[in-house]
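One structure, pasted below without further comment.
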Amino acid sequence: MNFDLLSTVEYGGCSAKLPPDALAGALSGLLPPGNKNLLVGISTHDDAGVYKLTDDLALIQTTDFFPPVCSDPYTFGKIAAANALSDVYAMGGTVITAMNLVMFPSQKIPLEVLREILRGGQEKVQEAGGVIAGGHTIDDYPPKYGLAVSGIVHPDRIIRNDRAVPGDVLILTKPLGTGTLVAGQRCGEAREEDYRTALVCMETLNRTASEIMQKFDVRCATDITGFGLLGHALNMARGSGASIRFDSTSLPLLSGAYELIDLGCIPGAAFRNLRHVEAHCRFGGALDYNLKMLMTDAQTSGGMLICAPSHRAEEMLAALHQSGCDQSTVIGTVIPPDGPALRIY
């Protein structure tokens, strides 16, 4: 397939999200009436909605779509699907069905490109153990693709983003830097091997990490996507009534990401995310600026930020490493609320 999807966009992947402040303003005053069966809604900005069906079964619902994050349509389909599926895994659930969401310019791009996008998405859903049940298409430019996903979880086993407890150890399961490397690829500064590594990282499911979270009785986690590590951590801290302390020197980074930031290749989404969080942050005086910007870099299909109970954190980290999540790293702790929600040193 010779068509270059990356040539159609300025912002691809989760970098194309609305700025968090703009989204918060649009949602202001729109909280729906309460429903006793809605176990997780929009109030804490969690990763998916959860609706109780029976005492033993709850339905997880989520959706995500975005413009191309790479040139190859098949790879784009896999990454977009992995990103959408991740929200179910962040809630501790099992994927059951997905619906394709397609915006595609049928007169501007060969339909073979669309077929390859859908093929990539279908393969990821099958890898997740789910099934494509249908979808919806509209003619639109630039192209966009994603999924509406349904999953299931026991109501007592939901993993939320507002259950962090002081003393919890924060584990990040994937390295940071996908937004930076995609931007570097577009401007011709990224090394090819670094960019390829980022693509593999983005198309990797968070299924294993989710299963390990359930094994270790984790009750608080979130996946890191368009609002960056600090944006999603802020939702976690505020929802939990706690503060979070990060050790920036321990962050796992994709190869080449730091060097691109150092060259000045900083995606616009990173600055938007920084504006959203900085009033709630205490930045250490010795903090490396490049690491600061990587913590606000918009991630596409990023890793899980897991609140591991302190007495099981070491064992859980070992289990993640043994199960293939070999870049999982302890990057901070949850601390009692006192001053800024986020502290970065």
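What follows is calculated from the coordinates using simple rules that are stated; it is not laboratory data. Because the structure is predicted, anything quoted here is derived from the model rather than measured. Neighbour counts are summed over all protein chains in view; Cβ atoms, including those assigned to glycine, are modelled from backbone coordinates with ideal geometry.
Rank A279, L170, A269 by how far each Cα sits towards the positive end of the charge dipole of region 169-344 (+1 on Lys, Arg Cβ; -1 on Asp, Glu Cβ) and give me just the farthest.
Towards the positive end, the residue furthest out is A279.
May I pose another question? Averaging sequence separations of C-alpha pairs under 8 Å and six or more residues apart, then dividing by the length of the chain, give the relative contact order as a whole percent. Present the calculation step by step, with values, prior to reporting the outcome.
Values: 814 pairs, mean separation 80.1, N = 345.
Here the relative contact order equals 23 percent.
So what's the back-of-envelope 222 nm ellipticity for the chain, counting only DSSP H runs of four-plus at -39500 (n - 2.57) apiece and dividing by all residues, rounded to 500?
-10000 deg cm²/dmol, from helical runs alone.
Below 14 angstrom from the Cβ of D247, what's the summed charge of the other residues (Lys, Arg +1; Asp, Glu -1)?
Overall, the nearby charge balance is +3.
Given R₀ = 56 Å, FRET efficiency for S106-D338 by Cβ-Cβ distance, to 0.05? Can you show the working numbers first?
Numbers: r = 56 Å, r/R0 = 1.00.
E between S106 and D338, to the nearest 0.05, is 0.50.
So what is the relative contact order for region 169-344, in percent, with contacts set as C-alpha pairs under 8 Å and at least six apart?
Details: 329 pairs, mean separation 83.3, N = 176.
In percent, rounded to a whole number, it is 47.
Taking the Cα centre of the chain as origin, sum charge times position over the Cβ atoms of Lys and Arg (+1) and Asp and Glu (-1), and report the length of that vector in debye to the nearest 20.
640
To make sure I understand, if each residue's beta carbon is the centre and we count other beta carbons within 10 Å, what order do V165, V131, V125 fall in, fewest to most?
Ascending number of Cβ neighbours within 10 Å: V131, V165, V125.
Follow-up question, since we're still on this one. Tell me, in nm to one decimal, what length is gained between R275 and A22 on full extension, where the rule is 0.36 nm per residue of separation less the Cα-Cα distance?
My answer for the length gained is 89.9 nm.
How many lysine pairs does the chain hold where the Cα atoms are under 30 Å apart and the two sit 8 or more places apart or on different chains?
So the count works out to 27.
Next question. Sticking with the crude label model, points 7 Å out along Cα→Cβ, report the distance from S255 to K215 in nm, one decimal please.
2.8
Just how large is the dipole of region 169-344 about the Cα centre, in debye to the nearest 20, putting +1 at every Lys and Arg Cβ and -1 at every Asp and Glu Cβ?
560
Charges on Cβ only, +1 for Lys and Arg, -1 for Asp and Glu, centred on the Cα centroid of the chain; of A209, V149, L6, which one is farthest towards the dipole's positive end?
The listed residue farthest towards the positive side: V149.
Could I have the simple spin-label model distance between L38 and L53, label points 7 Å from Cα toward Cβ, reported in nm to one decimal?
If labels sit at L38 and L53, their model points lie 2.0 nm apart.
Listing D297, D47, D162, D156 from the residue with the fewest other Cβ atoms within 10 Å to the one with the most, what is the order?
Least to most surrounded, the residues fall as D156, D162, D47, D297.
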